[in-house]
């Protein structure tokens with residue numbers, strides 16, 4: 001249990017370090033670790049300087065600091081008097097009589113050593129692992145502050161360089177002719193009605209043109225502009241005409257091929273007694289753009305790998321979460337940590353470690369889409385942000401898992417660090433951006449926790465923050481593997497449910513796809529067909545079903561009892577709309593020799609809504625072969641009567657959801673009557689599925705339904721059982 005004061009101190013660890021001193025942080029470090037003294041030192045140009053101290057005054061730390069600087073982790077001296085390295089130091093033998101020292105070297109992600117954070121006590125002691133971790137965290141805070149100060153100074157120098165460049169441009173502008181009152185570098189004038197564009201000599205010089213080489217038309221100028229910027233320039237010209245002024249930045253390709261950036265300011269002027277004209281200035285801003293790009297590169301990009309840095313990634317996550325609150329487009333955060341990266345640095349040096357980080361960055365970029373984001377957080381930690389990965393949590397999780405597996409495979413491939421072959425593995429944690437109101441920090445924390453779980457499970461692994469999502473994704477992956485194995489091992493089989501006429505005579509059967517799973521038993525098609533479509537296997541499974549039913553038709557054609565049987569098959573929407581569907585049917589009929597007149601394809605209303613023209617064209621092509629069509633589950637969706645009249649249908653099939661309640665629900669009974677009446681008016685036969693009681697049969701027969709299917713007549717049968725029942729029904 002943590003006391004309230006402990007929780008308060010721990011919460012202060014993550015607070016930003018105040019500049020330019022570390023007094024509060026040193027006080028916090030001393031409190032957390034229970035020592036009276038703490039100090040921060042800096043190291044530069046071979047000199048150690050005490051930057052801030054707590055509990056002591058004017059005490060040098062050169063002895064302890066020199067040793068701590070050499071360490072990659074903590075330096076702990078439990079009793080300085082017993083340690084030959086330190087027992088003769090002035091601060092040990094004399095005031096303040098230091099006996100205990102715990103120091104952390106302040107090392108940047110690039111390996112630069114800034115100094116140390118040290119804790120001291122006047123009596124021998126040890127500290128626990130939690131206190132050591134607190135010191136590491138606080139040392140990281142100090143290092144980050146010093147690194148930010150260093151970068152800030154670099155940015156200030158760049159800013160001063162930019163300011164000096166701007167001052168030089170301003171000084172040059174003062175010497176230009178007063179006639180160029182808007183002047184910066186050059187001036188221009190455009191007579192609109194005459195399409196006459198006059199450029200000053202300075203502009204011609206900047207564009208690399210000699211006097212007389214410019215055609216003095218607006219189109220001649222547009223031709224000089226970089227192709228990607230011409231629309232912006234045309235828009236700026238239109239804005240001057242409409243609003244009287246405009247500014248545009250564009251690139252101009254000089255005659256020597258060099259590309260330069262320019263800022264063009266234009267304004268409309270009214271000429272007394274004459275036509276209006278445009279005039280303005282043109283300034284070369286290439287150097288300014290270069291400096292701005294450098295500043296942006298330092299601020300938002302990792303200098304080693306060129307990837308977006310932590311700041312950039314955090315901004316991107318903020319944007320993604322904001323968009324997700326408005327739109328149902330899920331995303332994901334992948335937190336990637338290289339396993340045993342420190343060992344590479346320790347054994348082969350930081351240069352090899354940097355080479356690995358650069359190559360890892362390139363492999364990560366090649367593993368994601370162009371609009372996804374790959375960033376480096378520091379050290380060996382990378383973050384991948386995935387956008388638009390699904391409209392529900394399971395789809396998004398599946399996509400994120402696919403990308404994570406791709407990353408895992410890419411990083412498992414051996415690296416070559418100059419002449420050193422090297423193999424590494426990543427641990428990957430995934431947190432979904434799925435609409436839950438989470439902060440950027442919470443999302444990263446979840447991904448980080450999942451990454452550590454992946455490490456705990458043996459490294460080189462992928463883990464979701466949500467265990468239930470991990471289980472669902474694993475189940476989907478297992479189902480895909482099982483489906484592929486079932487297809488390879490022909491674990492699918494067919495049953496046939498007879499269809500009867502008003503006399504009870506079997507005049508057709510519907511082929512029903514079955515899958516006997518070795519562990520789960522019989523799996524109904526409603527559970528695996530949607531996934532077969534998603535996994536891209538539906539054409540293979542559907543092709544197997546078509547081939548098996550055609551073979552069965554050929555076999556039944558040779559027996560008197562079954563030679564007239566009509567065989568119905570169901571096809572999914574994705575299979576039906578596949579470009580190769582018609583050729584798949586025709587080729588199978590040709591290969592097996594089955595009679596197409598005995599084959600009936602059941603389609604659903606959803607197929608009509610998706611692409612009616614494609615559906616009709618395919619039905620017409622197959623109808624020419626003699627194949628018949630039934631509209632399955634009729635009445636459960638939306639079907640236009642105009643569409644029905646344009647399709648080569650032979651039969652409407654009343655959905656079992658209506659049949660089950662015709663005796664108890666007036667609406668279902670009315671819908672059933674309407675379907676039967678509609679079928680008769682369109683000249684189509686009608687069949688009711690799911691008939692289970694005599695009362696349902698009597699109602700349907702009374703209303704004019706002439707064909708039936710359901711357990712009242714026959715349960716699904718094997719092909720052999722169909723043959724036996726058909727043979728038993730024949731007069732002998």
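Since every read-out is calculated from the coordinates, none of them should be taken as a lab result. Just so you know, these numbers come straight off a predicted model, no measurement behind them. So basically every Cβ, Gly included, is an ideal-geometry build from the backbone, and we count neighbours across all protein chains shown.
Looking at segment 486-729 alone, DSSP beta bridges between its own residues are antiparallel in about 40 percent of cases.
Using a Förster radius of 45 Å, what is the FRET efficiency between residue 259 and residue 460 based on their Cβ-Cβ separation? Nearest 0.05, please. Working from the Cβ atoms, E equals 0.45. On the principal axes of its alpha carbon atoms, segment 186-290 extends 42, 28, 21 Å, with the longest extent given first. Site pair residue 155 and residue 445 shows an inter-label distance of 2.7 nm when each label is modelled 7 Å from Cα along Cα→Cβ. Neighbour counting of Cβ atoms within 10 Å sorts the residues 620, 539, fewest neighbours leading, into 620, 539. Between 0 and 90 degrees, the angle of helix 612-623 with respect to the longest Cα principal axis of the chain falls at about 40 degrees. Taking packing as the residue-averaged number of other Cβ atoms within 10 angstrom, the listed peptides 366-373, 405-412 run from highest to lowest as 405-412, 366-373. Among 498-509, 716-727, 121-132, sorting by the average number of other beta carbon atoms lying within 10 angstrom of each residue, highest first, gives 498-509, 716-727, 121-132. Segment 291-354 and segment 133-147 have their alpha-carbon centroids 20 Å apart.
Rounded to whole Å, the principal axis extents of the Cα atoms in segment 486-729 read 48, 45, 38, largest first. Cβ-Cβ distance of residue 47 and residue 304, R₀ of 35 Å, FRET efficiency by 1/(1 + (r/R0)^6): the value works out to about 0.80.
Inter-part distance, segment 215-251 to segment 655-681, computed on C-alpha centroids, equals 68 Å. Compared with the dominant principal axis of the Cα atoms in the chain, helix 581-592 is inclined by about 50°.
With both residues required to sit in the chain, DSSP beta bridges show an antiparallel share near 80%. For residue 249 and residue 522, the difference between the fully extended length at 0.36 nm per residue and the C-alpha to C-alpha distance is 91.5 nm. The simple spin-label model puts a point 7 Å past each Cα toward its Cβ; for residue 420 and residue 319 those points are separated by 3.7 nm.
Our helix-only sum for the chain, with -39,500 (n - 2.57) per DSSP H run of n ≥ 4 divided by its residues, gives a mean residue ellipticity at 222 nm of -14500 deg cm²/dmol. On the beta carbon distance between residue 110 and residue 239, with R0 = 35 Å, the FRET formula returns roughly 0.15.
What is the list of residues in segment 386-408 whose amide nitrogen lies under 19 Å from a point 7 angstrom out from the Cα of residue 363, following Cα to Cβ? Residues 401-408 fall inside that zone.
One chain, two ends: residue 232 and residue 720. Fully extended at 0.36 nm per residue, the span grows by 168.2 nm beyond their Cα-Cα distance. Between (i) 1.36; (ii) 0.98; (iii) 1.15, which matches Rg/Rh (Cα atoms, Kirkwood Rh) calculated for the structure shown? So the calculated entry is the one marked (iii). Here segment 408-438 and segment 477-532 have alpha carbon centers that stand 40 Å from each other.
Pairwise inverse Cα distances across segment 423-574, averaged and inverted, put the Kirkwood hydrodynamic radius at 19.3 Å.
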